[in-house]
Each structure stands twice: as structure tokens, then as C-alpha cells.
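J.: Right, I'll just put the structure down here and ask away after.
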Amino acid sequence: MKKTISLLSDNDRCELLQILSECFPDPKSELIFNNPYELLCAVILSAQATDESVNRVTPKLFSLAPTPLKMVELGVEGISSIVRTIGLWRAKSKNIYEMSKILVEKYESEVPSSYEELISLPGVGSKTAKVMMNVAFGLPTIAVDTHIFRVCNRTGLCPGKNAKEVEDNIVPLIDEKFLLKAHHLLLLHGRYVCKARSPLCEECRIRDLCRKRI
């Protein structure tokens, strides 16, 4: 028997995303950036860190190194001195330096848009690559972070044992009209309503569809 990927019907999934679209009419990344390169650096820094902590350091970082070449010139130590308030700053500084160097040498300082090219860059895994594809290049894909993973499992939208399993199965379950914004709709709902601890179930607009409550 084929495994049921979603516990929600097609109509319920559409209704869920329609309601979230009303809750978050302008869903977008809360990272501060001006172009794909800045977004890529910010997303690398955001791993296991809050967007707020990243936004506190990137203005200075990008003012000193607004391009891959300038970032290479800044060097690992220069990057580290700015981002050391962020968790895993040593590894992230090295990854940003190495990533920038590759962009200069291989991509004429432009960030590539394909999944395969993105994940070949230092510090870029599947989630970061798909964030870039969706946010920077407007491609219909969904990166699954801890918030989206939690929402997908609690609601029954796309249950999975881990983020990779959800990521592999979720796109076909999303109606085409929601694909470009589904990532941020689910992320923002998880961040502000369907919280890991003390979820705001009584305030939740999609509670009647949520399998956690049924």
C-alpha cells in the first residue's frame, strides 16, 4: 500500500494555506539583504542562530564587503571579527570566505541559481540552497527549517521523521498558486503561532484543520 504523505485532503491543504495567506499577507524573509549575495551570506550565518542576531552584524559586514571580491579581501579574520557574536562563527566565517572566493573565481562574482551549483558552495546545504532558489530567484521550492518541519508534522500537512523527508515530499502537496510563498507562510506561522513551546493554539486560525487538535 502506498504511504499516505499528507493527512490533509487537497481541499484542506488549500484552505490551510489560504488562511495563512490572510494571516501573513506579505510573507517574506526577515533577514536584511539587498541582493542575492548578501542573502546567501545572511542565510549561512543564520544556521542555528536567530534572524535578529544575524541582522545585528550584517550591516557592518556588508558595508565593508558588499561584493564577493571585497569579502575575500576582508579575509577570514576580518569576517570573524564582525560575526563573532553568532554561534559557530569560526566555521561560518571560513565558509563565507571560501564561498566568496569561489564566486569570484568561477561565477564572475554572481550567485548561481541552480540547486546543484548552490550546494557545491561551502556552507550551503539543501535548506540554504532552496532558500536561495525561492527567495532570491523566485523559484517554486520549499526549504524546510525547524519551524516548517514542526508545522508540517503537527498539522498533518506533510508528516516526516526529519526535515529531509518533509522537504522531499512537500512540494507536490502544495497548490501551484501558493508555491512561491508557502515557505514563508509556514515558517512565519511556526515562528509566531505554532511555537515549539507553548503554541498559541487558541489564537491559531488553522486550528480546525490541525491534526494535532483533532
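The values are calculated or read from the model by the stated rules, or taken from the named source; none is laboratory data. These numbers come from a predicted model, not from an experiment. Every residue, glycine as well, gets a Cβ built from its backbone with ideal geometry; the counts of neighbours run over all protein chains shown. Ligands, DNA and RNA are stripped out before the accessible areas are found, and what is left, the full protein with its side chains, is counted by its heavy atoms. Shrake-Rupley method; radii C 1.70, N 1.55, O 1.52, S 1.80 Å.
J.: Using a basic spin-label model with each label point 7 Å from the Cα along Cα→Cβ, how many nm lie between S9 and K94?
T.: Result for the modelled spin labels: 5.4 nm.
J.: Are there cysteines in the chain with no other Cys C-beta under 4.7 Å, and if so, which?
T.: C14, C23, C41, C194, C201, C204, C210
J.: Of the peptides 145-153, 66-74, how do they stack up when ordered by the mean number of other Cβ atoms within 10 Å, highest first?
T.: Per-residue mean Cβ counts within 10 Å order the peptides as 145-153, 66-74.
J.: For the chain, with the dipole built from +1 on Lys and Arg beta-carbon atoms and -1 on Asp and Glu ones, taken about the Cα centre, which of I206, S100, L31 lies farthest toward the positive end?
T.: I206
J.: Pull out a ≥ b ≥ c, the square roots of the eigenvalues of the alpha-carbon gyration tensor of the chain, then state rounded if a/c is under 1.5, prolate if not and a/b is larger than b/c, and oblate in the remaining case.
T.: Here the chain falls in the prolate category.
J.: Given labels modelled 7 Å from the Cα in the Cβ direction, how far is it in nm from T67 to V171?
T.: Here the answer is 3.3 nm between the modelled labels.
J.: Can you find, among L20, S109, L121, the residue farthest towards the positive end of the dipole of the chain? Put +1 on the C-beta of Lys and Arg, -1 on that of Asp and Glu.
T.: Going by the charge dipole, the pick is L20.
J.: Another question about this same structure. Kindly rank 113-120, 193-200, 90-97 from highest to lowest mean number of other beta carbons found within 10 Å of each residue. Intermediate results must be reported in sequence, preceding the final value.
T.: Numbers: 113-120: 14.8, 193-200: 13.1, 90-97: 20.2.
Ranking, from highest mean packing down: 90-97, 113-120, 193-200.
J.: Mind jotting down the distance between the C-alpha centroids of segment 158-214 and segment 57-126, whole Å?
T.: 31
J.: Mind checking the angle between helix 146-155 and the chain's longest principal axis? C-alpha axes, 0 to 90 degrees, to the nearest 10.
T.: 10
J.: Could you sort the peptides 36-46, 50-60 by per-residue average Cβ neighbour count (10 Å cutoff), highest mean leading?
T.: The densest-packed peptide leads the list: 36-46, 50-60.
J.: Now for a separate question. Below 8 Å, C-alpha to C-alpha, sequence gap of six or more: please give me the relative contact order for the chain in percent. It would help to have the intermediate numbers written out before the result.
T.: On the way: 271 pairs, mean separation 51.4, N = 214.
Across the chain, relative contact order equals 24 percent.
J.: Evaluate the relative contact order of segment 36-137 (contact order divided by residue number), counting alpha-carbon pairs under 8 angstrom at least 6 apart; express in whole percent.
T.: Values: 106 pairs, mean separation 29.9, N = 102.
Across segment 36-137, relative contact order equals 29 percent.
J.: Determine the dipole magnitude for segment 98-209: charges of +1 sit on the beta-carbon of Lys and Arg, -1 on that of Asp and Glu, nothing else is charged, the reference point is the Cα centre, and the result goes in debye to the nearest 20.
T.: 580
J.: Once you have the Cα-Cα distance between K161 and V76, take 0.36 nm times their residue separation minus that, and quote the gain in nm to one decimal.
T.: 26.9 nm
J.: Shape of segment 30-77 from its Cα gyration tensor (a ≥ b ≥ c, root eigenvalues): rounded if a/c is under 1.5, otherwise prolate when a/b > b/c, or oblate?
T.: prolate
J.: So what's the back-of-envelope 222 nm ellipticity for the chain, counting only DSSP H runs of four-plus at -39500 (n - 2.57) apiece and dividing by all residues, rounded to 500?
T.: -16500 deg cm²/dmol
J.: Moving on. Taking a ≥ b ≥ c as the square roots of the eigenvalues of the Cα gyration tensor of segment 36-137, is the shape rounded (a/c under 1.5), prolate (a/b larger than b/c) or oblate?
T.: Taking the square roots of the gyration eigenvalues as a ≥ b ≥ c, segment 36-137 is oblate.
J.: Can I ask one more? Within the chain, what whole-number % of the accessible surface is contributed by carbon and sulfur, with the 1.4 Å probe and all protein chains included in the calculation?
T.: Values: 5710 of 11020 Å².
After summing per-atom areas, the C and S share lands at 52 percent.
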